[in-house]
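See below for the structure under consideration.
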Amino acid sequence: MTQPGPALSFVIPLYNSADTIGALVRTIEGLTVAGGHEIILVNDGSRDWTADVCRGLVRDARVPVTYVEHARNFGEHNAVLTGWRQARGAHIVNLDDDGQNPPAEAVRLWQEAVARGHDVVFGHYAVKQHAWWRNLGSWFTNRMTDWALDKPPGFYLSSFRCVSAWVAREVSAHTSPLPYVDGLILQVTQRISSIEVRHEPRQAGASGYTLRRLLRLWLSAWVNFSVLPLRLATGLGLVMAFAGLLGFGWVLWLRFTDQGPTFGWGSLMVALLVFSGTQLVMLGLIGEYIGRMFIAINQRPQSVVREVLTSRDA
């Protein structure tokens, strides 16, 4: 007979987390959760001694702990889906590996989901403890998803979220190598809400989120779930074409009224640069869609699990 799972699973994607994960796990172990809880650690290709620390945590666990090791770095959202596939809880909460998401606040997310019967509850930060450029990138991503995704305008999406096991099961069935978890969630359910939570300063080290990764996340949010960028490109092309026709008519009028300048190299080059740049942006956007389809058709893996270790095995 299958043993019933715990009430709550904590899924934590890890990348170079050796200095922070030990204290975070100990804090989670000390929580009181009615129905019990477990911890899922997903090592996403860390290059430090995170694997050794996690094996020690599994060996000394006071609550059920599962350690999953990716064969290489696949990205945070890929690691989240791997963790969801391993989780046994009736609800699952995601935490960052740096201690910025207090475990006590994660319990509040879970309590809100249970009390209101919502499938997903997001944590909305009163004050974010990230660098200004990352805060700006997160704000921009949320504004863009207002247009690209089917979510309430202004609703804040974050990686600090509690989802039901049903949502996790439906979303983790997605096999694309370039997932965007929040977009997948919004395709499954609209029974979502958010509460204000604390955001603590990073406990140690530096964030693994670079500007490049934020740009990739922004592209995934737009390109994976909407053709709106292509429609915007079409609209921009029509505007530029109309402006070109107006400019052509203006040049003809100047020519036939003998009011035109005797030379026009500078204006010609500016026009060429504007139109060429616009064309390259459109081609790049179309290429992004085609490239993602190419990657999916070639069945690039979303993740490859090298090892799964549980406290029951330790």
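Rule-based calculations on the coordinates, nothing more; no lab input. Given the structure is predicted, the values throughout are model-derived calculations rather than measurements. Cβ coordinates were reconstructed from backbone atoms using ideal geometry, including for glycine residues, and neighbour counts include every protein chain displayed.
Please work out whether segment 43-84 counts as rounded, prolate or oblate from its C-alpha gyration tensor, where a ≥ b ≥ c are the square roots of the eigenvalues and a/c under 1.5 means rounded, while otherwise a/b larger than b/c means prolate and anything else oblate? Oblate. Summary of packing: across the peptides 50-57, 30-37, 295-302, the per-residue average of other C-beta atoms within 10 Å ranks them, highest first, as 50-57, 30-37, 295-302. Counted residue by residue at 0.36 nm each, then reduced by the alpha carbon distance between them, the extension gain from Ser176 to Glu196 reaches 4.1 nm. Taking 0.36 nm per residue of separation and subtracting the Cα-Cα distance, full extension of the segment from Phe155 to Gln187 would add 10.0 nm.
Arranged from fewest to most other beta-carbon atoms within 10 Å of their beta carbon, Ser159, Ser172, Ser276 become Ser276, Ser159, Ser172. Counting 0.36 nm for each residue step from Ala71 to Thr257 and taking away their Cα separation leaves a gain of 59.8 nm. Highest average first, the peptides 191-201, 93-103, 282-292, 161-171 ordered by how many other beta carbon atoms sit within 10 Å of their residues are 93-103, 161-171, 191-201, 282-292. Here the Karplus curve 6.51 cos²θ - 1.76 cosθ + 1.60, taken at θ = phi - 60°, turns the phi angles of segment 167-182 into couplings of 4, 4, 5, 5, 6, 6, 6, 5, 10, 4, x, 10, x, 10, 4, 5 Hz, with x standing for Gly and Pro. A Förster radius of 35 Å, combined with the Cβ-Cβ distance separating Leu268 from Ile295, puts the computed FRET efficiency at roughly 0.30. With each label modelled as a point 7 angstrom along the Cα→C-beta vector, the Asp48-Ala243 pair spans 4.8 nm.
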